[in-house]
Amino acid sequence: MSLPNPVTWAVPAFVLLVLAEMIAVRLGARGRYDWRDTGASLLMGFGSTLAGGLVAGAIAAIAYALWQHRLFDIPVTWWTVALCFILDDLAYYWFHRTAHEVRWFWASHVIHHSSQHYNLSTALRQTWTGFLSMSFIFRLPLFLIGFDPAVVLFVGGLNLIYQFWIHTEVIDRLPWGLEAVLNTPSHHRVHHGTNPRYLDRNYAGVFIIWDRMFGTFEPEAERPRYGIIHNLATFNPLLIATHEWLGIGRDVLAARSWRERWMSLAGPPGWREGSTAAAIKAAAGVTGAPVGPAHPAE
Amino acid sequence: MLVALGSLAGVAVLVLVAWTLGFRDTPRLDEALAERLAADLAPGFRAAELTLADNGRAALLRGSDGGLLLLFGVGDGWVTRQVPAAAVTRQADRLAIRLPLFPRLELPAPAWL
């Protein structure tokens, strides 16, 4: 079967919402923009779309090849699509967590975190090398379970669209208990923060319940400082896209043992220079204790 | 091809709007700001000495523990790097600093280094 790519249809809304947020910030709403940073973010988004187009055929081929060996024949109905959306979001949680905890995956994902700003244009700052790091493998179980690849890719697009609007400082907190269930601007600001207590927290895509379940939830308690531990000194899209890969290459070449080589590739980001999230939290006296289901919901 | 060109045009329009709306700060450092930013961005660092770039967009600071910290302007923000002594070379009254994935910088050479 064939389903539309919802992201393509959402692009005009993305553009209008970025414009609206810029004007709101100019009029005094909370937030920051910088024309160079915005340009870099948008060019990263443009390049990501091109890169995605180049590998879309290969990913679809892998998806359909696996689907031929599916465990169940799952019909396409409203409830199977809804179930697929939820399970895809769970797969996204584990992709995202791995992308922060394993340098090979971080090398692609770091691009999204490389802005010191947090606004709707930051949402569009996306990787060019997701295929290289094989981030698609986290969705493969869905094809093996038996969800139609077209449905999986469709709900993946919806997930991506949802995550656009939470990249803003304009919205404080959501009403009606939504903060307990959904990933919101407040929860995701924490995720983009480099404050020690915010490192490696709030990996959710749509449903924040995964972080509450797996002990990675952190509420927004202090103003986040956005970016990465070693912020980039450039707006050059090519360097933004490749800087962590270059760092991996440099560290692997400088490694003096196989363990060092392995950890340079698959250890936590910052392992070589001792600036992992765990080390930073320890130095700052942040316990890093899991905040799971027992944590009171907002 | 047409879609790609349209997307690039959209990028250009949004960047132009951002510039037109005034999101184009390029702050300059003075000694007080450099010390405050260093303490803020590099927790635990206490500046003892510093030298400012001629254009106010960078500073090299020496901490009370002797460590060197570079403060560098990127857009309307700042980045910091710890600087190993080997990355700094002195040529007459100028310092050149070379770090991986970082622009080559020149600053006035201070008496303290």
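The values are calculated or read from the model by the stated rules, or taken from the named source; none is laboratory data. Bear in mind that the values here come from a model prediction, so they are computed numbers and not experimental data. Note: ideal-geometry Cβ built from the backbone for every residue, glycine included; neighbour counts use all protein chains shown. These area figures cover heavy atoms from the full protein model, side chains too; ligands, DNA and RNA do not enter into them. Shrake-Rupley method; radii C 1.70, N 1.55, O 1.52, S 1.80 Å.
Per residue, how big is the convex hull of chain A when only Cα atoms are used? Give it in Å³.
Working: hull volume 44.4 nm³, N = 298.
Here the figure is 149 Å³ per residue.
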- [ ] With a 1.4 Å probe on protein heavy atoms only, tell me which residues of segment B:87-113 lose at least 10 Å² of accessible surface in the complex relative to the chain by itself.
- [x] B:Pro100, B:Leu101, B:Pro103
Open item on the list: Take A:Leu16 and B:Leu8, extend 7 Å from each Cα along the Cα→Cβ direction, and tell me the distance between the two endpoints in nm.
Closed with: 2.7 nm
- [ ] Jot down the radius of gyration and Dmax of chain B, Cα atoms only, both in angstrom.
- [x] 17.9, 58
Task: For A:Ala99, net neighbour charge (Lys/Arg +1, Asp/Glu -1) across residues whose Cβ lies under 12 Å away - done: -1
- [ ] Provide the per-residue ³J(HN,Hα) series for segment A:175-182, in order, calculated from phi with Karplus coefficients 6.51, -1.76, 1.60 and θ = phi - 60°, each as a whole number of Hz, with x at glycine and proline positions.
- [x] x, 6, x, 5, 4, 6, 10, 9
Open item on the list: For A:Asp73, what accessible surface area do you get with a 1.4 Å probe? Give it in Å², rounded to 10.
Closed with: 120 Å²
Open item on the list: Semi-axes of the equivalent ellipsoid for segment A:2-67, please: Cα gyration tensor eigenvalues, times 5, square-rooted, ordered largest first, whole Å.
Closed with: 34, 14, 8
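For segment A:195-235, count the residues as N, evaluate 2.2 N^0.38 Å, and divide the Cα radius of gyration by that value, please. Please list the in-between numbers first.
Values: Rg = 12.5 Å, N = 41, 2.2 N^0.38 = 9.0 Å.
Relative to the rule-of-thumb radius for its length, segment A:195-235 sits at 1.38.
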- [ ] Take the alpha carbon atoms of segment A:8-36, find their center, do the same for segment B:78-113, and report the distance between the two centers in whole angstrom.
- [x] 37 Å
Task: segment A:48-135 - Debye-derived log10 I(q)/I(0), Cα point model, q = 0.16, 0.19, 0.20, 0.22 Å⁻¹ - done: -0.86, -1.10, -1.16, -1.24
Open item on the list: Helix B:2-20 against the longest principal axis of chain B: what's the angle in degrees, Cα atoms only, rounded to the nearest 10?
Closed with: 60 degrees
- [ ] Would you compute the Debye intensity of segment B:73-113 from its alpha-carbon atoms alone, equal scatterers and no solvent, and pass along log10 I(q)/I(0) at q = 0.19, 0.25, 0.26 Å⁻¹ to two decimals?
- [x] -0.62, -0.95, -1.00
Open item on the list: At 37 °C and a viscosity of 0.692 mPa s, what translational diffusion coefficient does Stokes-Einstein give for segment A:1-110, taking Rh as the Kirkwood radius over Cα pairs? Give it in µm²/s as a whole number.
Closed with: 185 µm²/s
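Kirkwood Rh, segment B:23-71, all Cα pairs: how many Å?
Values: mean 1/r = 0.0919 Å⁻¹.
Here the Kirkwood hydrodynamic radius works out to 10.9 Å.
What's the carbon and sulfur percent of chain B's accessible surface, probe 1.4 angstrom, rounded to a whole number? Mind showing how you got there, number by number?
On the way: 3430 of 6030 Å².
Heavy-atom surface of chain B belonging to carbon and sulfur, 1.4 Å probe: 57 percent.
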Task: Principal axis box of segment A:86-178, alpha-carbon based, largest edge first, Å - done: 40, 34, 21
Open item on the list: If you count only protein heavy atoms with a 1.4 Å probe, what accessible area per residue comes out for the protein assembly as shown, rounded to a whole Å²?
Closed with: 47 Å²
Open item on the list: Tell me the carbon and sulfur percent of the accessible area for chain A, rounded to whole percent, probe radius 1.4 Å.
Closed with: 71 percent
